[in-house]
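Enquirer: Have a look at this one before I ask anything.
The values are calculated or read from the model by the stated rules, or taken from the named source; none is laboratory data. Worth saying up front: this structure is predicted, and the values here are computed from it rather than measured. When we count neighbours, we look across all protein chains shown, and the Cβ atoms used for this are built from the backbone with ideal geometry, even at glycine. The area values use the complete protein model at the heavy-atom level, side chains included, leaving out ligands, DNA and RNA. Shrake-Rupley method; radii C 1.70, N 1.55, O 1.52, S 1.80 Å.
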Amino acid sequence: MVDTGTALTGVFYLFFISFIIFQRLGGYPEAWFRIRRVPYLVDYIRGPDKKYRRHIEEMAKIDTSSGLAMWHFGNGDYHLPESEASLNANGAPMWFHAWDEGRAIPQYMDTVVGPDGKATLVFRPKVPPSILQAALKSKVAHDIHREEEAPKVEGFKWATITLLIITIVIMIGVLYFEYSNHCGISPKSC
């Protein structure tokens, strides 16, 4: 028969493995939407501190009553034009916004006014690989990326390490008390 220490160890490991899988699927709420197969959108909003923050919302919360696709977040409404949407790694539509502007930041196409005064959408020119190669070899790129510094451990790694340490401490306590119970029941074997 399985003792409670072994059962609790199995439950904790099952929880830990489920937590890792959930985080690999995108964490909350993206993993929850992916598991339930709910269509969702991803919006990166650039704050006043120049950092992008990811916001995930159900597609059902897009307001199309005015004829424009609008998404309400915080105190503002953000326009979600199809021409500015891109896809994230999981295939969900994705937009980029500035925190104080409702229009999406253009990703692929620009509006160009021709000589006749007519505006047309034109794909942005691609950067030649030789320019990228020269830029990556420059001192500026090296200083920006700080390759000599060790990367910071943050987010998922801290949560995983903390959960692992808590699990190990609980398991040590469970095994200690399980041993005490065993010695209380049959003292001759201890």
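Enquirer: Tell me, what is the 1.4 Å probe accessible area of residue 34, in Å² to the nearest 10?
Expert: Per-residue accessible area (residue 34): approximately 90 Å².
Enquirer: With each pseudo-label sitting 7 Å past Cα toward Cβ, what's the residue 99-residue 28 distance in nm, one decimal?
Expert: About 2.4 nm, to one decimal.
Enquirer: Once the Cα gyration tensor of region 1-119 is found, what semi-axes does its equivalent ellipsoid get, as square roots of 5 times the eigenvalues, in whole Å, sorted largest first?
Expert: Values for region 1-119, descending: 42, 14, 14 Å.
Enquirer: I'd like to check one number: the per residue accessible area of region 41-110, probe 1.4 Å, reported in Å² as a whole number.
Expert: I get 61 Å² per residue for this part.
Enquirer: Under a plain spin-label model, where a point goes 7 Å from the Cα along Cα-to-Cβ, how far apart in nm are residue 49 and residue 90?
Expert: Taking the simple label geometry, residue 49 and residue 90 are separated by 2.5 nm.
Enquirer: Provide the gained length on full extension for the span residue 130 to residue 61, in nm with one decimal, where the gain is 0.36 nm per separating residue minus the Cα-Cα distance. List each step's numbers first, then the result.
Expert: Numbers: separation 69, 0.36 × 69 = 24.84 nm, distance 4.39 nm.
The residue 130-residue 61 span can extend by a further 20.4 nm.
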